[in-house]
Amino acid sequence: MARYAICVNVLRCIGCYACVVGCNNWHEEDANRIRIIDRIEGKYPDITRWIFPIMCMQCEDAICMEKCPKGAIKRRKNGIVFIDEDICIGCGECVDSCPYGAISLDKKRGKAKKCNFCMDRIESGKEPFCVQICPTDALLFGNLEDPEDKVSKLVLSRKASPIISDKKVSVFYVNLPIRSKSLLA
C-alpha cells in the first residue's frame, strides 16, 4: 500500500503562484487549496526571505476530522485526508481547527475545501496538478512506503521534515531554516 507525500524545496520556490492558479483551475473553484507564504526576516542588508506553499499536510492525527460535526472529513488507506462534499455542511469547524490554515470555505458552493493531493489524478496514475505545473520543480510527489522513492529518501535522510516538527504529516519541507508554527502566520 502506498502512503503518498509531497516534498517542498523552499530554495526552488519563486512564489510564482502557478501551484495556486493551477489547482484552482483543475478543481474549477474559487477556494484556495494552496496558499503561498512569503516571509521576510531581519533588517537590511541582513535579510532572509522564504517563499513556500502551504497545503493540507494530510496529518496522521488530523484534528479537522475530529472537529467535523458531520464526519465529512475522512482518510483513505493511502493516508490522504479528504472532504466528502456530499456530507459537508460548510459550518467551518474544520477551518478553525486546522493549525496550518489549510482549509477554506468555498462560499459559492457552501462547502469546505482543502488539498487532497488530487485524488482523481493519482487514481489515474498522474501526479497532483500542483506538482506537474510547478515550473521550478519545487514540488515533488512520492510514496513514503517505497524506500527507493525520491521523496521517501529525502524524508528518511532527514533532509526533508515537517514544518511543525512534532506533527506526523505527509507534506515535508527541504531547506527551510526554521521549523515553527510562527512561519504559518
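The values are calculated or read from the model by the stated rules, or taken from the named source; none is laboratory data. Computed from a predicted structure; not experimentally measured. Glycine also receives a Cβ, built like all others from the backbone with ideal geometry; neighbour counts cover every protein chain displayed.
Structure notes:
- Filter result (in contact (Cβ under 8 Å) with a residue 12 or more places away in the chain and assigned to a loop (DSSP other than H, G, I, E, B)) within segment 19-42: 29, 30, 31, 32, 33
- Residue check for residue 49: among the charged types (D, E, K, R), at pLDDT below 95 and in contact with a Leu (Cβ under 8 Å, 6 or more places away or on another chain): no
- Cβ-Cβ under 7 Å pairs, at least 6 apart or on other chains, segment 154-175 side more than 18 Å from residue 98 (Cβ to Cβ) and free of Cβ contacts under 8 Å to residues at least 24 places away in the same chain, far side aromatic (Phe, Trp, Tyr) and buried (at least 18 other Cβ atoms within 10 Å of the Cβ): 161/172; 161/173
- Within segment 62-77, residues that are over 14 Å from residue 95 (Cα atoms) have Cβ atoms under 6 Å from residues that are β-branched (Val, Ile, Thr) and in a strand (DSSP E or B) in these pairs: 75/81, counting only partners at least 6 apart in sequence or on another chain.
- Exactly one residue among 24, 32, 78 is under 24 Å from residue 153 (Cα atoms) and crowded, with 17+ Cβ neighbours inside 10 Å, and that residue is 78.
- Yes/no for residue 178 being surrounded by fewer than 14 Cβ atoms within 10 Å (Cβ to Cβ), part of a loop (DSSP other than H, G, I, E, B), over 14 Å from the mean Cα position of the chain (by Cα) and at pLDDT 95 or above: no
- When 115, 88 are screened for being buried (at least 21 other Cβ atoms within 10 Å of the Cβ), farther than 15 Å from residue 62 by Cα and touching a Lys or Arg at 6+ places or on another chain (Cβ under 6 Å), only 88 passes.
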